[in-house]
Amino acid sequence: MELLAYLTEGNVANFLLLLLRFAGIIAFFPFFENQMINASLKGALIFWLTILFIPLLDVVPPANWTIVRFIIAGLSEIMLGFLASMALQVVFGMISFGGELVSFAMGLTIANAYDPITGAQKPIVGQLLTLLALLIALGLDYHHLFFYFVAESIQKIPLGGFMFSQNYIEYIIKSFTHLFVIGLTMSFPIMALILLSDIIFGMIMKAHPQFNLLAIGFPVKISIAFAVLIVIVPAIMLHFKREFLSAFDALTLLFQVSF
């Protein structure tokens, strides 16, 4: 009887909107959008988190709500998760783009492998750096930051009342421009040394035409690239850590406009 008394229009509407907010966040956030996670498991996680966070809500009876307004409110909740995930996806995109440049410089562009996270074909070096960045993110208590973001969004943005701010859109546009710059910066040491090795091999071939570039040049280039990659990986991950935390700070821009 207590359960039936709790199932009022306001409680049911809030539960469904909070369910959609978690669905939008988990569907697009890094790590949670992993293709290896079963859809039924994601659904169970969304439902359990909704029950866990429902006490944070203030019940507001939807007196003048229509079905059209409720659908628009549900779409705004999904948009919240999508826009919030873009700031984090751009940071992981920096690592992936840098890895693709390194793979291209090493001559491993054809050596693509199936990426179980995104379900697409990616260069091996890019996959390695992305997985390492994901481990760094989990080491930074990414899952705790995820729960903190949801709790703050519930307190600052009423259910069905999300509107993206102009400041956040400007931040996303700047982030996309930084994606290419930072990705190129991360891969520049390897690309520069490989370019230098190409120049040296070209000079050797000019002096000794019998020099077999295919048999000697490519293994040497790959060895140099891997040696430099091992040296600069800590710097890359340190830069990723700084960008990742700043992206989470930028998510507060989503809380500035609501109705």
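Taking segment 142-181 only, how many residues are loosely packed, with under 14 Cβ neighbours inside 10 Å and under 15 Å from the mean Cα position of the chain (by Cα)?
2
Do any residues in segment 19-30 that are under 10 Å from Leu83 (Cα atoms) and touching a residue at least 12 places away in the same chain (Cβ under 8 Å) have Cβ atoms under 6 Å from those of residues that are in a helix (DSSP H, G or I) and of a type in the set (Gly, Ala, Ser), where the two are at least six apart or on different chains, and which pairs are they?
Gly24/Gly81; Ile25/Gly81; Phe28/Gly81; Phe28/Ser85; Phe29/Ser85
If I ask for residues that are in contact with a helix residue (DSSP H, G or I) (Cβ under 8 Å, 6 or more places away or on another chain) and among the aromatic types (Phe, Trp, Tyr), which ones from segment 147-170 would you list?
Those that are in contact with a helix residue (DSSP H, G or I) (Cβ under 8 Å, 6 or more places away or on another chain) and among the aromatic types (Phe, Trp, Tyr): Phe149, Phe162, Phe164, Tyr168.
Tell me whether segment 182-192 contains one or more residues that are within 17 Å of the chain's Cα centre (by Cα), open to solvent by less than 60 Å² (accessible area, probe 1.4 Å), of a type outside the set (Gly, Ala, Ser) and at pLDDT 75 or above.
Yes, segment 182-192 contains at least one residue that is within 17 Å of the chain's Cα centre (by Cα), open to solvent by less than 60 Å² (accessible area, probe 1.4 Å), of a type outside the set (Gly, Ala, Ser) and at pLDDT 75 or above.
Pairs needed: first member in segment 139-167, among the polar types (S, T, N, Q); second member anywhere, open to solvent by 60 Å² or more (accessible area, probe 1.4 Å) and part of a helix (DSSP H, G or I); C-beta distance under 9 Å; at least 6 residues apart or different chains.
Note: pairs meeting the criteria are Gln155/Leu56.
Can Ile182 be described as touching a Lys or Arg at 6+ places or on another chain (Cβ under 6 Å), among the β-branched types (Val, Ile, Thr) and more than 29 Å from Glu77 (Cβ to Cβ)?
Judged against the criteria, Ile182 is not a match.
The values are calculated or read from the model by the stated rules, or taken from the named source; none is laboratory data. Keep in mind the model is a prediction, meaning the values are calculated, not measured. Neighbour counts run over all protein chains shown; Cβ positions are idealised from the backbone, glycine included. Side chains included, ligands, DNA and RNA excluded: accessible areas come from the protein's heavy atoms. Shrake-Rupley method; radii C 1.70, N 1.55, O 1.52, S 1.80 Å.
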